Amino acid sequence: MSVSASFDLLLRGGRVICPASGIDGIKDVAIRNGKIAAVQADILPTSAREVVDVAGQLVLPGLIDTHAHVYQYVTGRFGMNADMVGVESGVTTLVDQGGSSCMTLPGFRHFIVEPAKSRVYAFLSAYLVGGLEGHYYPQLYSPDGVDIDATVKAAKANSDIVRGIKAHAEIGGFARWGIRVIEMAAEIGRRADLPVYVHFGQLWGLPASGANGEDADTILKRVIPLLREGDILAHPFTRHPGGFVNREGEVHPVIQAALDRGLKVDVGHGSHFSYRLAGKAISWGIVPTTLGADIHGYNTHVPAPAGTPDQHADDENHPFAGQAKFSLVQAMSSMMALGLSLEQVVPMVTSNPAKMLGREDEIGALKVGRDADVSVLKQLSGRFALRDNESNEVIAERLLQPAFCLRAGTRYDAVASILPQAVAA
């Protein structure tokens, strides 16, 4: 392509990695009218109205966070401001996991999707109540709280933003209702022809009657046969019972078979994440497909809405409490500290989630003519301590931090108050 035409913006001299395009090298990225206009080496600086020197930084397709909670206010303290975890954290696209339901989806579209500067999709809750403060009210998440027909209808009628279904397969629910809810969620996914994103690991505490004969270590092998190619196993490295590593410290044998038949794995980092168990699973060859941050108001620090308590009475007693600050970009550093390469991690937040969403023709790649969704990351070298909510610590010799992103060509600096700072080891 000729570079004689005028560009609005030129990102010059960064390491451009675009798995979908097979690009990995020092190149320039030119933007015109909010679109990618050129990706190539040595574009003349005089051809652009504005030039930003990004030498020494990573220039990636706009990052996609596959596990967000951004139905602000409606889902209580779970719901974060979309742009705080989105463009202000260097992330251009968010997937809200289960915040909205067939009943509350119109509000999600009008109050969240439409005004957000970030691009926002939804995995629609299989439950009528959606996200809310669900960990306190398990009675709302029984089979009686699922309407298959209504949820399928809502998903099909809003296919521009609804790209999947959110469900839970965990010991608290199984002890109350058995496997029926996840059977219903799988039916919704089949009838809507959308992937089902299944939360493993504990969500609800056990009922007063105990486990009622259920075993967290058997849930995976009972649920996986219900799922289809493209469905997603979430929270594989959870510190709670029911993840990929069983109580004997071994990776469940059903996992590799599930991956072989096309199921996917999303990290769903959050306060569930355990370096100890992630390291064990990765050493067994489990490489996640996608990497969601799972940031919400219980595992990060955000200003309390005016007139609300600064602390919740149950802050120390629910499974989502967390003290270790993190972000999607910090989660990328975590994966690298556990032995995965940068080249393995970048597809988890770009091309792979674009495929998960069925939007690989629109996002997840730096291709000429597409919206200029671009994330620019700084790279720090040294020894940095990363800590999880089990107080496990790993040392990262390479730490990534967001610098800024472009969403359809508009620049947003990484200024979110929730972003973690580098901690020297």
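The values are calculated or read from the model by the stated rules, or taken from the named source; none is laboratory data. These figures come from a predicted structure and were not determined experimentally. When we count neighbours, we look across all protein chains shown, and the Cβ atoms used for this are built from the backbone with ideal geometry, even at glycine. Accessible surface is based on the protein model in full, side chains and every heavy atom, while ligands, DNA and RNA are left aside. Shrake-Rupley method; radii C 1.70, N 1.55, O 1.52, S 1.80 Å.
Worth pointing out:
Residues checked against (1) in contact with a strand residue (DSSP E or B) (Cβ under 7 Å, 6 or more places away or on another chain); (2) open to solvent by 20 Å² or more (accessible area, probe 1.4 Å); (3) farther than 25 Å from Pro288 by Cα; (4) of a type in the set (Asp, Glu):
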| position | (1), (2), (3), (4) |
| --- | --- |
| Val120 | yes, no, no, no |
| Ala126 | yes, no, no, no |
| Leu132 | yes, yes, yes, no |
| Tyr136 | no, yes, yes, no |
| Ala155 | yes, no, yes, no |
| Ser159 | no, yes, yes, no |
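- No other residue among Thr75, Thr104 is of a type in the set (Ser, Thr, Tyr) and either more than 24 Å from the chain's Cα centre (by Cα) or closer than 26 Å to Ala416 by Cα (or both) apart from Thr75.
- Annotation: Val70 fulfils all but one of (1) open to solvent by 10 Å² or more (accessible area, probe 1.4 Å); (2) touching a helix residue (DSSP H, G or I) at 6+ places or on another chain (Cβ under 7 Å); the unmet one is (1).
- Residue in the range 162-180 that is farthest from Val95 (Cα to Cα), counting only those that are open to solvent by less than 10 Å² (accessible area, probe 1.4 Å) and of a type in the set (Val, Ile, Thr): Ile165
- With respect to the conditions (1) touching a His at 6+ places or on another chain (Cβ under 8 Å); (2) part of a loop (DSSP other than H, G, I, E, B), Ser159 falls short on a single one, namely (1).
- Ile43, sole failed condition from (1) more than 30 Å from Ala175 (Cβ to Cβ); (2) open to solvent by 30 Å² or more (accessible area, probe 1.4 Å); (3) over 23 Å from the mean Cα position of the chain (by Cα): (2)
- Every residue from the range 219-241 that is farther than 23 Å from Ser271 by Cα, outside any loop (DSSP other than H, G, I, E, B) and either free of Cβ contacts under 8 Å to residues at least 40 places away in the same chain or open to solvent by 20 Å² or more (accessible area, probe 1.4 Å) (or both): Lys221, Arg222, Ile224, Pro225, Leu226
- Subset of the range 176-198 (residues that are among the aliphatic types (A, V, I, L, M) and either part of a helix (DSSP H, G or I) or modelled with pLDDT under 90 (or both)): Val181, Ile182, Met184, Ala185, Ala186, Ile188, Ala192
- Here no strands (runs of 3 or more DSSP E) wholly within the range 27-77 include at least 3 residues being modelled with pLDDT under 95.
- Here is the figure for the range 102-118: residues that are among the polar types (S, T, N, Q) and either surrounded by 23 or more Cβ atoms within 10 Å (Cβ to Cβ) or touching a helix residue (DSSP H, G or I) at 6+ places or on another chain (Cβ under 8 Å) (or both) total 1.
- Filtered by the rule that a residue be farther than 24 Å from Ile363 by Cα and touching a Ser or Thr at 6+ places or on another chain (Cβ under 7 Å), the range 7-47 gives a lone residue, Ser47.
- Just one residue in the set Gly201, Gly297, Gly213, Gly292 is in a loop (DSSP other than H, G, I, E, B), open to solvent by less than 20 Å² (accessible area, probe 1.4 Å) and at pLDDT 90 or above; that residue is Gly292.
- Residues (in contact with a Cys (Cβ under 6 Å, 6 or more places away or on another chain) and either among the basic types (Lys, Arg) or assigned to a loop (DSSP other than H, G, I, E, B) (or both)) located in the range 78-116: Gly90
- Members of the range 275-304 that are touching a residue at least 60 places away in the same chain (Cβ under 8 Å) and among the aromatic types (Phe, Trp, Tyr): Tyr275, Tyr298
- Sub-6 Å Cβ pairs linking a first residue in the range 249-274 that is surrounded by fewer than 23 Cβ atoms within 10 Å (Cβ to Cβ) to a second residue that is outside any loop (DSSP other than H, G, I, E, B) and basic (Lys, Arg), at least 6 apart or interchain, are Val254/Lys221, ordered by first then second residue.
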